[in-house]
Structure formats: C-alpha cells, structure tokens
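The values are calculated or read from the model by the stated rules, or taken from the named source; none is laboratory data. As the structure is a prediction and not an experimental result, all values here were calculated from the model. With ideal geometry, Cβ positions are generated from the backbone for all residues, glycine too; neighbour counts draw on all protein chains shown. Accessible surface is based on the protein model in full, side chains and every heavy atom, while ligands, DNA and RNA are left aside. Shrake-Rupley method; radii C 1.70, N 1.55, O 1.52, S 1.80 Å.
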Amino acid sequence: MVQYIFLAAIVDTWHYALNTDHILAYVTGFLLIGTFVLLFYNRIYVFREQDANLKGQSQNERLSLVLQTGNLRLWLYDVQNRHYIVLSSKGEYSNEYNPVEFSQFFDRDDFEVMRSKVFDICEGRLQKASVSLKGFPIRNGEFKSYDVSLSIAEVGNDGKVKSLLGIEHDVTESMQKQRKVSRLLMRYQNVFNTSLVDMLYYDKNGVLKNINEKACRTFGVKESDVVLHDNFLLENNPFFNKVSLDNLESTRSTSMVDFADFQDERYHLAEFGLRGKMYYESSINPIRNKKGELEGIFMSGRNVTELVESYRHQQEGMKRLQKVTKDIEEYIKNINYALRVSDVRLVNYYPDSYTTEISNNVNEAQLRLSQLRCIRLATIRFRRTVSSVLNRMDHRTPHPIKEVIETEIRDKKGRQIWLMFHMVPLIGSNGRIERYFGLCRNMTDMMETERRLAVETAKAQETELLKQSFLTNMSYEIRTPLNTVVGFAELFESEHDPADEPIFVEEIKRNSNSLLQLVNDILFLSRLDANMIEYNKMEVDFAEVFDSYCQMGWSTVSPNVRTAVENPYEHLVVTIDPEHLGKVISLLCTTSVRFTQEGAIRAKYEYRHGELAISIEDTGRGIAKDMLDRVFERFARDKNDELCGTGLDLPIAQSLVQQMGGTIEIQSEEGRGTTVWLILPCSATTIVKKRDIIV
C-alpha cells in the first residue's frame, strides 16, 4: 500500500513539474524515488533476515535432536590457548576447560592418547582421527565409554589449524551390552564345550554353526572346524534329516539310525567312519525372537546305543531266565524238556560212577543221567559218537572234549535240538582226574542258520545260472536277427540275381526291426527296474484305440488263428497313460500269439466302478500248473528246464501295470488255453455304450 501511495505522489509531482517547469518539482520527485528505493530494499533485507533466522533455528533444532538421540557431545579445541570449549545441544558455547580440567572426564592414559592425536592433527601429520576413551566409574567397576572423532574445524590465513572439532559419542550402554553378551557367550561356550551331552547349534537356515567336543566324539569328527561350513545342513544329519524348519516345536525323541541307509555323499558319513546302527536320544529346541521368527535351533543329545543294547540284552536275558526257571519247575526230572529249553548248562561227568550231572548252578545238580540214558537221547547217527565220548572220559583222557550232537529232543518249532558239549578234565589233589567239567550249549539256531544259509546259497547259485541262461538266451535272440542282417547284406557283394534284391532288403528290414525292438525292450526293462519311467495321464477315448493296441500285438498271428475284439462302447473317455497301457495290451496280445498256433484269440474290456477291466483269452497250449506262480519271473523255466519266453514280455507288463496302480492276473490250463486279466483304476468322463445313451 505504501508503495502505491509513493508512486501516486511521484506521478502527481511529475505532472506538476511538467506544468510549472519548476526545478523544485524535479528535486522533490527524485527525493521521493530515492526514498521508495530505500524502503523497497529495506523490506527485502528484513524478509531475508527473518528467513535466515528461521532456517538457523530449524538447523539448531535438528542439531539438538541429533545430539540427544545419538548421545553425542560437541566440543572445540582452541589451538592458541589450548582450551577445550564444550558446545551446548544448540551449537552454542557452554563451558570452557583447560587441559587439566577437561582430563577429569576421562581416564588419564586414554586422555593422553587423545591429546597425542590432537597434536598430530594440529601439526599436519593427520587430517582426522578417532579414539576410544574410558570415563569416570559408574558402579560395580563399570566405566563410562566414549568414541571421539577429531577433525579440523578452522584454519587460519597462514594455513595453520586454529581449532579442532571433537564429536564425542557416549557408547557406555552399547559397551555394557557388548560386555554382557561377551560374558554370556563365555558362559555359554564354557557350558557348551564342557557338557557331558552332545550339543549342536544350527542357524535359522539349518546350517551348522557350532558343535561341542562331546558331539564331535559321538559323530566321529576329528576337528570341529571341519564341519562348521555351509555344507553341513540340518537335513544332512541322519538323526535330524526329517526335521522340518516350518512350524518347528520343542521335541524330545529317541531314534535308531542305520548308517547303511545314508550312503549319499551329502551325509558325509564316509569322512567320519560311521557304520552300523546307533540309538540316539535328542532334544530339539527352536530359538525364536519376540516376533516368533526362527533365529536358530539348539540341539542336545547323547548316544544311548550301549544303554539300549545293554537294556535289550538284559531284557532278553531276563526273559530267558524266566523261561528256564519256569520250565525247570515244571519238568525238573525230565531231561528232554531241560535240554529243549536250556541255552547254557553246567555239565559234570564222574568216571567213577559213570554219571552225568546237568545243572544251572554250581551248588545243586538238577539232572543225573546214566550212560545208557545219554546214548538214548542222541539220534541214531550220533549214538556211536556219544558212546565214544563216554568211553574216552571213562578212560580219563587228559585232552579236552568238544562235540556237537543232534538229540532226539525237539523244540517248540519242531526242530531237533543240537547241543554242543565242551568238557575239560579236572585233576584232584592226588594228581588223578576226578571228573570232567564243561558247558552244554544249545546250537539249534546256529545249525538252522547254517542249513538255511546252505539253502540260500544253492538258490543264489541257481539264480546265477538262470541269469546266465537269460543272457545266453538274449545273446541268441540278438544274434539271430543280427546274423540274418549280416548274411543278407553279404549276399549283395556276392553273385546274385538282381531280382532277389527286394527279398534281401525286405529280410534285412524285418530282422533289423526285430533286433531294434529287442534292444528297446532290454533298455526299457532297465529303465523300468530303475523306476525311471514317467507316466503321463490324459483323457483318451479308449473305445477308439483299444482295437489298434490289440492289432499291434497280433501282427504276427498265424493264419490258423482267429482274432476278435469285443468293444461294447461307442465312446469311453477315460484318464489313463495311453502309451504304456497300449504297450501292456500289445505285449499280452503278442504273448498270446506265441502260445497259440491254431484256434482263436479274443480281447475285450469293460468299465466298472472306476476301474478299467481288460481280458485277453486264447485257446493255445496253455501253461502248466506248476509254472503259473512263476510266469511273471524274469528267468522262469518250464518243465523241460527251458526259459519261458525272453523274460521281456510278461515281467515288463506286470511291472508297468503295478507302477500304474493296477493289478494283473493269469489263469491257464495246459492244453486248454490262457486268460489274462488286467484291472487299472481310472476315472471316466464320457461313457456311451453301443445302442445306449450317455450315462
């Protein structure tokens, strides 16, 4: 408003000057203009000063907030008078101290270190420096702690430092926390390393971070540093490999680990020499923060294998003792029962009385047997051995006697009991053999094991022979088409009628295809055994493809054999693996062709209650009754000791069906034909029977 008034006055004066042409009007106009300019610049200066004050106040408030929240204190070191000037939280001078007064706030030695840094900066040897100082005591031997950063605050015109700025950070609380953590870690490490149980610590990602000496000895670790890296995960520990980090809770468990089941390199068992079985008792304790997030996993445990084995043996011993005690009470006068239930007995033979005493303690003889009774207890083939043993003891032989004898006594399983006698002579004070003392041990289980081992060895040898026969058969099956291909190929190089070349080519192609199919079957069987077959289910109209599957298997059918496909559906859309199911149907049809030289082969199917039932019937020569249980074996032989097929047909079909979740059965009578049933679970989306509506 003032500016507008002055402008109006200037205009009026100007008009007046023009009208009067008086010099006073010019002077007055110029004075008014000058006054206006001065007032304008005055207002600009006032506004700028207010803005600067506001900015300065805001910066001071920010500085104060930073100093308070960061536990910071600012002070200046005046180089000229060597005084320390402490600034307030607003950056203003607060107090001034000489070196002696300022040193009272800090430890003397630490303060001298800081002064040497100050002198280095003042003399240009350093641009800035940092130092840690201890302050005055607080309580219980605790001190205030500070981190001080020194830098140049002001440099004079001569280039020398005039003042230094010190930023003092109070780190007492953090140092106390650090010392507390250090003490806790020291106590933790002391307890961790000296504990009598195994202790392991994993981080939140399941990586092993610490392991004590006891755990190292348990797991065969020579140096703990060997396992403290990222390769040793929680899931690689055989005892905790099934522990999931998700929703982990504190648990206690006792488990038995067979190290033979963990031969993968990721378990590192070969490095530690862990073998056999180990019983392990463990406690798993997840460590979580206030938000419930997993921070780590602490585990403790111990090897209780010896304890478990001792307890198990003790339990077994108690059971045996109870059993023996009960049996002796019931049949104390019956040697047959005593030998049948006994494991180990004390035996004494007295040559003077020709008496054998058997007991389960050294104070009382339970049984006394005459020589005739001893001989009668042995089987016929061992009675001469028993008689010979008794005769040698009657003649007081000085040599120990050890014999294993089969008795007429049978155990609860109906097996004849085998007893091992180990007798040694005992010489009396007169230098003469008074009696023979020894042990009688039940060897039935061992003898039975040896017998079974012999049987299994024979079976293994038979299996090996069957495998060799299989390889021989495969060799024959492969060489036959291969020799045919080579033979017809060599005919091209010899003199021949060109009109025969199409026959040569056709034979080469046919046998090459046969050889290729045989190799593919062998490779497919290997993949099948290794569970490497992938099954892809999809919706297929089975009514449209069933006939083609059968015809593929019947491609080599004899002209004397009639084939028929019974298809009761117009459309049957089911979810199956068409490739592998088609292979099974084709294999079964091919097998029926091989066993049927005349007659008929019929294939049909039906969908009932979520299952697809398929049957292949033929009127061929059939399968002998004793071979029905072995037709799906790889090396099955018939009554003429010949391999049934190549071992690549029915075994492949059975494995495919079982892996697809189905079942396969076979019924046959020699000379009457064979029927094979295949049942596969599946779901149907469209079912249209012939002359019917959609169900």
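Please report the equivalent ellipsoid semi-axes of the range 509-610, computed as sqrt(5 x eigenvalue) of the Cα gyration tensor, largest first, in whole Å. Don't skip to the answer; put the middle values down first.
Details: eigenvalues 112, 102, 23 Å².
Working from the Cα gyration tensor, I get semi-axes of 24, 23, 11 Å.
Cα-Cα over 18 Å: which of 209/277; 583/604; 604/690? Over 18 Å apart, Cα to Cα: 209/277. Remark on residue 153: its backbone amide H falls under 5 Å from those of 163, 164, 165, a criterion applied only to residues 5 or more positions apart or on other chains, H modelled at 1.01 Å from N.
Counting heavy atoms of the protein chains alone, residue 446 has an accessible area of about 90 Å² for a 1.4 Å probe.
Applied to the range 28-37, the Karplus parametrisation 6.51 cos²θ - 1.76 cosθ + 1.60 on θ = phi - 60° returns per-residue 3J(HN,Hα) values of 5, x, 5, 5, 5, 4, x, 5, 4, 5 Hz, with x for Gly and Pro.
Pairs from the table (204/290; 128/160; 144/290) lying more than 20 angstrom apart at Cα are 144/290. Plainly put, the range 496-567 has a radius of gyration that is 1.11 times its Kirkwood radius, both from alpha-carbon atoms, as the Rg/Rh ratio.
Couplings 3J(HN,Hα) of the range 290-305, computed from phi: 4, 7, x, 7, 6, 9, x, 9, 9, 10, 9, x, 7, 7, 10, 4 Hz, in residue order, whole Hz [Karplus 6.51 cos²θ - 1.76 cosθ + 1.60, θ = phi - 60°; x for Gly and Pro].
Would you mind putting 617-623, 494-500, 100-106 in packing order, based on average other-beta-carbon counts within 10 Å, highest first?
Working: 617-623: 20.7, 494-500: 7.9, 100-106: 15.3.
So the peptides 617-623, 494-500, 100-106, ranked by packing, come out 617-623, 100-106, 494-500.
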